[in-house]
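Before any comments, here is the structure.
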Amino acid sequence: MDARIAVLASGAGSNVSALLDDPHVGPSVALVVSDRAACGALDRARARGVRAVALERGHYGSREDFDLALEGLLEQEGIEFVLLAGYMRILGPRVVQAFRDRILNVHPSLLPAFSGAHAVRDALDWGARVTGATVHLVDEEVDHGPIVLQEPVAILPGDDEETLHDRVKEVEHRLFPRAAALLADGKLKIEGRRVHILDQTVDGP
């Protein structure tokens, strides 16, 4: 795979590590960006010799200014694909449009169920028996774009938010590098909400 990938993250960065550890995807990760200067994801990138940049929203006068700075950084670095690995800011329309069908997000539920920032907690509160992980393409709506890969995770008796999230993360760490490799290798064909993977078809909702 010959591509330049940027990973955007806001937290500890376990999915960043999973991407960097992947032998197919890791060598192509050229940039890790966070909206928080004190971010484990940036530390993980620096430890691997990957350029790590903090773009904090408070340093910009408006959301539009922030989006312009992010788009400019991605273009300056020659980025071709963007991976959202626990990135807690909503990408503005100019960034989504600039990288149309080249942005992936990983989400800790079986979308369209339990979208939003508290998916694991919401699944527990709802009394669901099954949740999971989803990797999807990003569009202008939150947790909405066409689904690339999904895998269920059973909710066990006695699960709390931490134990369930740990098992969901294990699935995310497998699915996200696979989906990123498919995207960067040109093996995804998007037709509306349907994503074709070679001779396989994964249906979105």
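The values are calculated or read from the model by the stated rules, or taken from the named source; none is laboratory data. As the structure is a prediction and not an experimental result, all values here were calculated from the model. Note that we place each Cβ from the backbone using ideal geometry, even for glycine, and neighbour counts take in every protein chain shown. Please note that ligands, DNA and RNA were not included when accessible areas were found on the heavy atoms of the full protein model with its side chains. Shrake-Rupley method; radii C 1.70, N 1.55, O 1.52, S 1.80 Å.
Here are the numbers for the structure shown:
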| read-out | value |
| --- | --- |
| The range 1-155 - Debye-derived log10 I(q)/I(0), Cα point model, q = 0.10, 0.11, 0.21 Å⁻¹ | -0.35, -0.43, -1.43 |
| Listed residue (180, 156, 130) projecting farthest to the positive dipole end of the range 124-187, Cβ model | 180 |
| Heavy atoms of residue 169: accessible area, 1.4 Å probe, square angstrom to 10 | 70 Å² |
| Positive minus negative residues near residue 96 (Lys, Arg vs Asp, Glu; Cβ under 11 Å) | -3 |
| Cα gyration tensor shape for the range 68-205, rounded if a/c is under 1.5, else prolate or oblate | prolate |
| Cα-based Kirkwood hydrodynamic radius, the range 83-139, one decimal, Å | 12.2 Å |
| 191, 170, 151, ranked by accessible area, largest first (probe 1.4 Å) | 170, 191, 151 |
| In degrees, nearest ten, helix 161-184 long axis to first principal axis of the chain (Cα) | 50 degrees |
| With Cα atoms, 0 to 90° folded angle of helix 63-76 axis to the chain main axis | 70 degrees |
| Under the Karplus curve 6.51 cos²θ - 1.76 cosθ + 1.60, θ = phi - 60°, whole-Hz ³J(HN,Hα) for the range 107-118, x wherever Gly or Pro sits | 9, x, 6, 8, 4, x, 6, 6, 6, x, 7, 10 |
| Cleavage-rule hits (trypsin sites (Lys or Arg not before Pro)) in the range 45-82: DSSP loop, at most 15 neighbouring Cβ within 10 angstrom | 48 |
| Dipole in debye (nearest 20) - the range 1-135, about Cα centre, beta carbon charges: Lys, Arg +1; Asp, Glu -1 | 240 debye |
| Net charge of Cβ neighbours under 12 Å - reference residue 53; Lys, Arg +1; Asp, Glu -1 | 0 |
| Heavy atoms of residue 80: accessible area, 1.4 Å probe, square angstrom to 10 | 70 Å² |
| Hull shadow area, averaged, the range 1-68 [alpha-carbon convex hull, nm²] | 4.7 nm² |
| Protection proxy ranking of 16-22, 104-110 - average other beta-carbon atoms within 10 Å, highest first | 104-110, 16-22 |
